[in-house]
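Chemist: Please read through the structure below; I'll follow up with questions.
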Amino acid sequence: MYDLTGKKVWVAGHRGMVGSALVRRLASEACTVLTADRGRVDLRDAAAVSAFVAAEKPDAVIIAAAKVGGILANDSYPVDFLYQNLMIEANIFHAAHESGVGKLLFLGSSCIYPKFAEQPIREDSLLTGPLEPTNEWYAIAKIAGIKLGQAHRKQYGDDYISAMPTNLYGPGDNFNLNSSHVVPAIIRKAHEAKTSGARELVVWGTGTPRREFLHCDDCADALVFLLKNYSGYEHVNVGCGEDLTILDLTRMICRVVGFEGEIVHDLSKPDGTPRKLMSVDKLFGMGWRPRIELEAGLAGAYDWFLTHHAADAA
Ligand code: GDP
């Protein structure tokens, strides 16, 4: 439906894990990829974003830029997660509309859904119940982004769409234990435990919450698929349709890394939402499927960690 040939596509947030995966994926399309470092345009600055978009005139925009973080970071810095994400998305939507951008794809996350949503979570569960408190700040900002896209479609007829990826992992992930998500945290902890000869690896919470994980390259592929093939009011879930417990995930990572010690639990840390498996009926119904199996993807993520971070890990 949307032909990328000859188009200029701005990937906002190209340094992040999803943004860099998008840049890699778009390299095989007949389009030009536009990127801008923070020094060129601060996405929280409305005037700067408008000036950038007016000067560069992209045909399409993907909003992969966001203030992101794991369960502890979200819970500890609510203003950063709410304010920065609201500003980034409001500025880009507004500038895109002003400059006549023909197609825009906004990215959110599965945490937009109610804490006790029926599983697997369908797109129409949005706003049917209270959110998970540990990440409601990020979730509220992302729900506002979905609504901004819908408002542009309703008021102006703009072809702006939204995709909600599940928990992502892969090359370019954040391995800082205070702000990371669970996959990079456990990869790092397992590596450090193995190399230091420790007998234990500490996992936050009970290990019973279930999470769904998608490799960032599969996610980028799905996003380009949606950019080309989807035009609709409702957002689309992006996942693989399968989840596992945090304990099973930890065991899998320990296998990949080669750590054979004991897994212990730090119950002072939060579990977060008990489960957030998304329904992928809508995306799969359009013909898209993921390609990277979890254990193979985790092995690739561990290789990336070894190349980029192992030296500064303790
Ligand atoms: P969430 O999906 O928003 O809850 O974000 P996370 O990826 O940060 O956490 C997912 C689950 O993994 C939660 O139940 C965490 O308590 C659990 N978890 C276990 N160990 C860790 C860890 O070392 N870091 C993080 N971030 N989460 C962990």
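The values are calculated or read from the model by the stated rules, or taken from the named source; none is laboratory data. The model shown is predicted, which means the values in this text are computed figures rather than measured ones. Backbone-built Cβ (ideal geometry, glycine too); neighbour counts: all protein chains shown. Remember, those area values only see protein heavy atoms, side chains included, never the ligands or the DNA or RNA. Shrake-Rupley method; radii C 1.70, N 1.55, O 1.52, S 1.80 Å.
Chemist: When you scan segment 1-32, how many residues do you find that are among the hydrophobic types (A, V, I, L, M, F, W, C), under 27 Å from Phe175 (Cα atoms) and surrounded by 16 or more Cβ atoms within 10 Å (Cβ to Cβ)?
Modeler: Counting residues in segment 1-32 that are among the hydrophobic types (A, V, I, L, M, F, W, C), under 27 Å from Phe175 (Cα atoms) and surrounded by 16 or more Cβ atoms within 10 Å (Cβ to Cβ) gives 9.
Chemist: Got a number for residues in segment 275-294 being in contact (Cβ under 8 Å) with a residue 12 or more places away in the chain and either open to solvent by 60 Å² or more (accessible area, probe 1.4 Å) or out of contact with any helix residue (DSSP H, G or I) (no Cβ under 9 Å at 6 or more places or on another chain) (or both)?
Modeler: The qualifying residues number 7.
Chemist: Consider Ile161 against the criteria (1) surrounded by fewer than 17 Cβ atoms within 10 Å (Cβ to Cβ); (2) out of contact with any Pro (no Cβ under 6 Å at 6 or more places or on another chain): it satisfies all of them except one. Which criterion is unmet?
Modeler: (1)
Chemist: Here's another thing I want to ask about it. Output the number of residues of segment 57-73 satisfying the condition of being under 23 Å from Leu4 (Cβ atoms) and open to solvent by 40 Å² or more (accessible area, probe 1.4 Å).
Modeler: Residues flagged as under 23 Å from Leu4 (Cβ atoms) and open to solvent by 40 Å² or more (accessible area, probe 1.4 Å) within segment 57-73 amount to 2.
Chemist: What about Asp221, is it under 25 Å from Lys147 (Cα atoms), of a type in the set (D, E, K, R), surrounded by fewer than 24 Cβ atoms within 10 Å (Cβ to Cβ) and within 14 Å of the chain's Cα centre (by Cα)?
Modeler: In short, yes.
Chemist: Just a yes or no: is a residue in segment 204-217 more than 10 Å from the ligand (Cβ to nearest atom), hydrophobic (A, V, I, L, M, F, W, C), within 21 Å of the chain's Cα centre (by Cα) and at pLDDT 95 or above? Spell out the reasoning first.
Modeler: The first filter runs over segment 204-217 and keeps only residues more than 10 Å from the ligand (Cβ to nearest atom), leaving 214-217.
Then drop every residue that is not hydrophobic (A, V, I, L, M, F, W, C), which leaves 214, 216.
Checking the rest, the ones that are also within 21 Å of the chain's Cα centre (by Cα) come to 214, 216.
Checking the rest, the ones that are also at pLDDT 95 or above come to 214, 216.
Yes, the conditions are met somewhere in segment 204-217.
Chemist: Restricting to segment 108-163, count the residues that are β-branched (Val, Ile, Thr), more than 19 Å from Phe81 (Cα to Cα) and free of Cβ contacts under 8 Å to residues at least 40 places away in the same chain. Don't jump to the end; show me each part of the working.
Modeler: The first filter runs over segment 108-163 and keeps only residues β-branched (Val, Ile, Thr), leaving 112, 121, 128, 134, 140, 143, 146, 161.
Subset that is more than 19 Å from Phe81 (Cα to Cα): 121, 128, 161.
Retained after the next criterion (residues that are free of Cβ contacts under 8 Å to residues at least 40 places away in the same chain): 128.
The number of residues fulfilling the criteria is 1.
Chemist: Do we have any residue at all in segment 33-55 that's within 16 Å of the ligand (Cβ to nearest atom), crowded, with 21+ Cβ neighbours inside 10 Å and on the phi < 0 side of the Ramachandran plot?
Modeler: no
Chemist: Okay, moving on. Which condition breaks for Pro58 when tested against (1) assigned to a loop (DSSP other than H, G, I, E, B); (2) within 22 Å of the chain's Cα centre (by Cα)?
Modeler: (2)
Chemist: For residues that are over 18 Å from the mean Cα position of the chain (by Cα) and within 16 Å of the ligand (Cβ to nearest atom), scanning just segment 295-314, find the one that is surrounded by the most Cβ atoms within 10 Å (Cβ to Cβ).
Modeler: So the residue we want is Tyr302.
Chemist: Would you please name the residue that is farthest from the ligand (Cβ to nearest atom), looking only at residues in segment 168-189 that are of a type in the set (Gly, Ala, Ser) and surrounded by 23 or more Cβ atoms within 10 Å (Cβ to Cβ)?
Modeler: Ranking the qualifying residues of segment 168-189, first place goes to Gly170.
Residues checked against (1) in a helix (DSSP H, G or I); (2) touching a Pro at 6+ places or on another chain (Cβ under 9 Å); (3) more than 23 Å from Trp304 (Cα to Cα); (4) more than 13 Å from the ligand (Cβ to nearest atom):
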site: Asn237; (1), (2), (3), (4): no, yes, yes, yes
site: Cys240; (1), (2), (3), (4): no, yes, no, yes
site: Leu247; (1), (2), (3), (4): yes, no, no, no
site: Thr250; (1), (2), (3), (4): yes, no, no, no
site: Cys254; (1), (2), (3), (4): yes, no, no, no
site: Ile263; (1), (2), (3), (4): no, no, yes, no
site: Asp271; (1), (2), (3), (4): no, yes, yes, no
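Chemist: On to the next question. Being out of contact with any strand residue (DSSP E or B) (no Cβ under 7 Å at 6 or more places or on another chain) and within 29 Å of Asp243 (Cβ to Cβ) is the filter; apply it to segment 89-120 and report the residue that is most open to solvent (accessible area, probe 1.4 Å).
Modeler: The selected residue is Phe116.
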